[in-house]
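Okay, structure first, notes after.
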Amino acid sequence: MTTTQTYRILEADDIAAYLRERGHADGEHLTVREVSDGNMNRVFIATGPTHSLAVKQALPWVRVAGPSWPMSPSRADAEARAYAQVAAVAPDTIPAILGYDAANYALTMEDMSDLRVLRTVLNEGGSYGDTSRHVGEFVAALSFATSDFGMSSADRKALIAASVSPELCKITEDVVLSEPYIEHEHNHWHPALDDLAAAFRADPLLRTEVADLRHTFMTGAQALLHGDLHTGSIMVGNREGTPVVRVFDPEFSFVGPIGFDLGLYWGNALVSGIRARALGIKGDHADQLALSWQAFETEFRRLWPTRVDTFFDDAYLDRFLRRLWSDSLGFAGAEIIRRIIGFAHLTDLTTLPDPGPASREALLLGRALIVDRDGLAGPEDVRALLEKR
Ligand code: SR1
Ligand code: MG
């Protein structure tokens, strides 16, 4: 992997001139502020008298770690590619992309600062509204279009080749699908969880099931994924009286198992529900897994008659969806566990007055989702599992 910086790293003071050079602004005065928030990249918002834009740039390292964790900025290529694919099938689900500067790994896009990050809304006690239906439809539209049901075999092979993203996949293989189950310097947890973290590292059944999910992640090239579809990758709000949901940040995109996208969303939604319960907040959390799954399944089945390869018959669709359901539950469990005893944690839990009990509950739920995933027949079984706790 190359880590030498051979491109222009943008600072807030450069953005106005940069946007003019790229033809995205004229001579108007632009006020620029940095709003970087995620683990990986930098984001700037440039606001002028008539319009406002966002510039997102990948650094040659993981932003929150700095140069000690080098990372190829070509992840921005993966993000631009994913946006282009989604724009072809579900343009209203993502921000408008105005241009991609491949030489500088920088995307210029719609300013979404009038919207709010779903995780922040939920942490403040807000509700999902129609978000889960949108997410289910987003995953169905992207995954069907980029699967062997939506593309010819030859086009699919080209997509798989173009979308290979070894460094970003390796992050997931490590921080999501192995490190939490071994001793690793990345791992950390609340002291009240010492016993459970140790138990998870010494749990052969859990280890083998996570190995199974990890191998599915590494080999299951079913469709182009968002790749990091947690509640921090979704903006929500209202524009002119219409609810708006935008999925963003697809830099972890690659051709992988569809259940990884659904599972990440579910894992984060379930933890958000555990937070609400710990705070005594009643909300619409318990319905979200079912709503997103139903929306996904309905849309996928609606698209099925358009499949390009009719050797895949209706009975195969049922089998495919059953496996996908089980994969999604497993990935949801792995997402929950890594967010509590792995590298990157969730403010849903860390900002609770006492994160210990809710984190313990979430860890045990994560384990159950992984090891019992084939025995959970549908959303009602997951709801029963939650209510039992
Ligand atoms: C080093 S990156 C850790 C996490 O941040 C990203 O948002 C992904 O979720 C990744 O797993
Ligand atoms: Mg992200």
Taking His190, His29, His230 and ranking on accessible area (1.4 Å, protein atoms only), highest first, one gets His29, His190, His230
Counting only DSSP loop positions in region 1-109, the trypsin sites (Lys or Arg not before Pro) whose Cβ has at most 14 other Cβ atoms within 10 Å are Arg8
Result for the chain: accessible area per residue, probe 1.4 angstrom, in square angstrom, of 42 Å²
1/(1 + (r/R0)^6) with r = Cβ-Cβ of Asp318 and Lys282, R0 = 35 Å, i.e. FRET efficiency to nearest 0.05, evaluates to 0.45
Taking the alpha-carbon centre of each part, the distance from region 240-316 to region 354-389 in Å is 18 Å
Per the charge dipole of the chain (beta-carbon charges, Lys/Arg positive, Asp/Glu negative, Cα centre), the residue among Pro379, Ala12, Ser152 reaching farthest to the positive end is Pro379
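Take each of the peptides 208-221, 157-170, average the number of other beta-carbon atoms within 10 Å over its residues, and list them starting from the highest.
Final packing ranking: 208-221, 157-170.
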Shape call for region 42-103, from the Cα gyration tensor axes a ≥ b ≥ c (a/c under 1.5 means rounded, otherwise prolate when a/b beats b/c, else oblate), comes out oblate
Semi-axes in Å, largest first, for the chain (Cα gyration tensor, √(5λ)) are 32, 25, 22
Rounded to 0.05, the calculated FRET efficiency for the beta carbons of His215 and Arg301 at R₀ = 30 Å is 0.60
Taking 305-316, 171-182, 122-133 and ranking on average Cβ neighbours within 10 Å, highest first, one gets 171-182, 122-133, 305-316
Note on the chain: helices (DSSP H) long enough, at least 18 Å by alpha carbon along their axis, and hydrophobic enough, mean Kyte-Doolittle at least -1.0, are 75-89, 131-145, 204-219, 258-278, 288-303, 314-341, 355-371
Kirkwood Rh over alpha-carbon pairs of region 97-207 plugged into Stokes-Einstein at 37 °C, 0.692 mPa s gives a D in µm²/s of 173 µm²/s
Farthest towards the positive end of the dipole of the chain, among Thr347, Ile234, Ala334 and with Cβ unit charges of +1 on Lys and Arg and -1 on Asp and Glu, lies the Cα of Ala334
Distance in nm between Thr120 and Arg20 label points, each 7 Å along Cα→Cβ, equals 3.0 nm
Given 254-262, 351-359, the highest-first ranking by average Cβ count within 10 Å works out to 254-262, 351-359
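On the protein heavy atoms, probe 1.4 angstrom, tell me the percent of accessible surface of the chain carried by carbon and sulfur.
Carbon-and-sulfur percentage of accessible area, whole number: 53.
The values are calculated or read from the model by the stated rules, or taken from the named source; none is laboratory data. Quantities reported herein were computed from a predicted structural model and do not represent experimental measurements. Neighbour counts run over all protein chains shown; Cβ positions are idealised from the backbone, glycine included. Note: accessible area is taken over every heavy atom of the protein model, side chains too, but ligands, DNA and RNA are not part of it. Shrake-Rupley method; radii C 1.70, N 1.55, O 1.52, S 1.80 Å.
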